[in-house]
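Quick notes on the structure that follows.
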Amino acid sequence: MEYILGFGSPHKALKAEEILKKASVPFRLLPVPKALDASCGLVISVKDGAFHDASGVLEKNGLRPRNIYRKEGEDYVKV
């Protein structure tokens, strides 16, 4: 299962990328899926096994996602 973490701005998504790299948490930086928003932007994608680690590391560093979605097939379900 895959989780999509949205931060509301590319700057915050890039900050999340920096934090997760330093903590060696596996993730991918992606464009916002069109199903979630038609505008340009960035999100962090993490697999189920890394979701709790990513959430904990980001919160510890004062950066909480604005939105979290779980990908179910082609659909995104808000968590």
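Points worth noting:
- Mean shadow area of segment 2-78 over all directions, Cα convex hull, nm²: 4.5 nm²
- Angle in degrees between helix 48-60 and the longest Cα principal axis of the chain, rounded to the nearest 10: 60 degrees
- All other residues whose Cβ lies under 14 angstrom from that of residue 13 are scored, Lys and Arg at +1 and Asp and Glu at -1, for a net of +3.
- Relative to the longest principal axis of the Cα atoms of the chain, the long axis of helix 10-22 lies at roughly 50 degrees.
- Segment 2-78: relative contact order in percent, alpha carbon pairs under 8 Å with at least 6 residues between: 42 percent
- For the chain, the tally of Lys pairs with Cα-Cα distances below 17 Å comes to 11, considering only residues 8 or more apart or on different chains.
- Long-range HN-HN contacts of residue 41 with modeled amide H, under 5 Å: 32
Where a number appears in this text, it was derived from the coordinates with a stated rule and is not lab data. All of these numbers come straight from a predicted model, not from anything done at the bench. No Cβ is skipped: glycine too gets one built from the backbone with ideal geometry, and neighbour counts run over all protein chains shown.
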